[in-house]
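K.L.:
What follows is a structure written as structure tokens; I'll ask about it next.
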Amino acid sequence: VTLKGVIEVVPRKLNKGLVVKNVLRRKRDLPDFIMCIGDDISDEKMFTAVFSIIAQGSAGALTKKNASLTPKHAFTITVGKKVSNASYFVEDAADVAGLLIKLSGNKTNRAMSWDNDDEGLAMSW
């Protein structure tokens, strides 16, 4: 699959959605917080997998009276405003970095920028 100048080589029947489902199903209880961020079409199955797991967990919570099967917070975020299965969007990679810094609780007055050099996109402080 060729996406945005990247060549992604994966087995034909493997995708990010299946990986997310596998990781979340291995846990006895779903985590309290799920956040998936992606910027292209290969991330869409990951977004729908999160909602699928939540729906299955919610159904299980209703029948088993086990609230731990439903995460308290789940966020799917696409980078760039476009049609997507994600619930939210951010404009660009700088917004993703800013979001992660805010979530970490780290307060910094340092300026942050993204530089596109010969080796790809690099974050500088």
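The values are calculated or read from the model by the stated rules, or taken from the named source; none is laboratory data. No experiment lies behind these values; they were computed from the predicted model shown. Counting neighbours? That spans all protein chains shown, and the Cβs are built from the backbone with ideal geometry, glycine included. What goes into the accessible areas is simple: the full protein's heavy atoms, side chains included, and nothing from ligands, DNA or RNA. Shrake-Rupley method; radii C 1.70, N 1.55, O 1.52, S 1.80 Å.
K.L.:
Yes or no: residue 116 polar (S, T, N, Q), under 27 Å from residue 7 (Cβ atoms) and modelled with pLDDT under 60?
P.N.:
In short, yes.
K.L.:
Right, here's the next one. Out of 58, 87, I need the residue that is open to solvent by 20 Å² or more (accessible area, probe 1.4 Å), modelled with pLDDT under 65 and either more than 23 Å from residue 14 (Cα to Cα) or hydrophobic (A, V, I, L, M, F, W, C) (or both). Which one?
P.N.:
It is 58.
K.L.:
Sticking with this one: Any idea which of (1) more than 25 Å from residue 95 (Cβ to Cβ); (2) hydrophobic (A, V, I, L, M, F, W, C); (3) at pLDDT below 80 is the one residue 3 doesn't satisfy?
P.N.:
Failing condition for residue 3: (1).
K.L.:
Among (1) part of a loop (DSSP other than H, G, I, E, B); (2) modelled with pLDDT of 85 or more; (3) touching a helix residue (DSSP H, G or I) at 6+ places or on another chain (Cβ under 9 Å), there is one condition residue 13 misses while meeting the rest; what is its number?
P.N.:
Residue 13 satisfies all of (1) part of a loop (DSSP other than H, G, I, E, B); (2) modelled with pLDDT of 85 or more; (3) touching a helix residue (DSSP H, G or I) at 6+ places or on another chain (Cβ under 9 Å) except (3).
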